[in-house]
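K.L.:
Have a look at the structure that comes next, please.
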Amino acid sequence: MGEKQPGSPAPGDIARFTSLWNDHVGQVSAYSCRHVDHHTAQEVVSETFMVAWRRLPDVPDRALPWLLVVARNIMSNHNRSARRRDALTEKMFRVERVARSAPGADITVTDRAEVLAALAALTETEREALLLTAWDGLTTTEAAHVAGCSVPTMHVRLFRARHRLQSGPAAAEPTAPISVQTATEPRSIR
């Protein structure tokens, strides 16, 4: 009776998985919520930890980057499925969207928190680089692995993000158009 049944987990596996869950479920959930809606994020978290359970021997000691890569891959699969599913609906409503009028200039924009405005001024890759390192606490190497880019590329993304944040909102705004006519008097047409 004391023998391990085929297919049943070892007691050490259960303890390790429980530790993985307790230590990282919040971070995996936050990462997922940044990329997909809340309902889908819950599915991503569940599927991520299901993969971790099935591949427990492959999970490294520093598990968070590994878990975030799994979550990113799962979100990519969800996104591909959603795109295929929504393709027909998109085609049906294309004419309606084109014909729909744009919101008027009189619609006021509510003030946002300063941090959200600063993050919104960043490019998507810069924002992700900053959030992976500052919010999720990953090293630059780990963040590069999660984002699917090289470490030097991650350094550049972080540098640009920090530079834009230090420069303020003006750094992210488009520059004024360059005037083609530089003369002070209007030219006469002959």
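The values are calculated or read from the model by the stated rules, or taken from the named source; none is laboratory data. As the structure is a computational prediction, the values presented were derived from the model and not from experiment. Virtual Cβ from ideal backbone geometry, glycine too; neighbours counted across all protein chains shown.
K.L.:
May I ask you to list the residues in segment 54-66 that are surrounded by 16 or more Cβ atoms within 10 Å (Cβ to Cβ) and in a helix (DSSP H, G or I)?
P.N.:
Passing the criteria: Leu56, Ala63, Leu64, Pro65, Trp66.
K.L.:
If you check Val28, Val98, which single one turns out to be in contact with a Ser or Thr (Cβ under 6 Å, 6 or more places away or on another chain) and either modelled with pLDDT of 90 or more or more than 30 Å from Leu138 (Cα to Cα) (or both)?
P.N.:
Val28
K.L.:
Among the numbered conditions (1) at pLDDT below 85; (2) more than 17 Å from the chain's Cα centre (by Cα), tell me where Phe159 comes up short.
P.N.:
Result: Phe159 passes all but (1).
K.L.:
Looking for something closer than 24 Å to Leu64 by Cβ and either surrounded by 10 or more Cβ atoms within 10 Å (Cβ to Cβ) or at pLDDT 90 or above (or both) - is there at least one such residue anywhere in segment 168-179?
P.N.:
The answer is no; no qualifying residue exists.
K.L.:
Mind listing just one residue for me: the one in segment 119-153 that is surrounded by fewer than 19 Cβ atoms within 10 Å (Cβ to Cβ) and aliphatic (A, V, I, L, M) and, of those, farthest from Ser29 (Cα to Cα)?
P.N.:
The extreme case among them is Val151.
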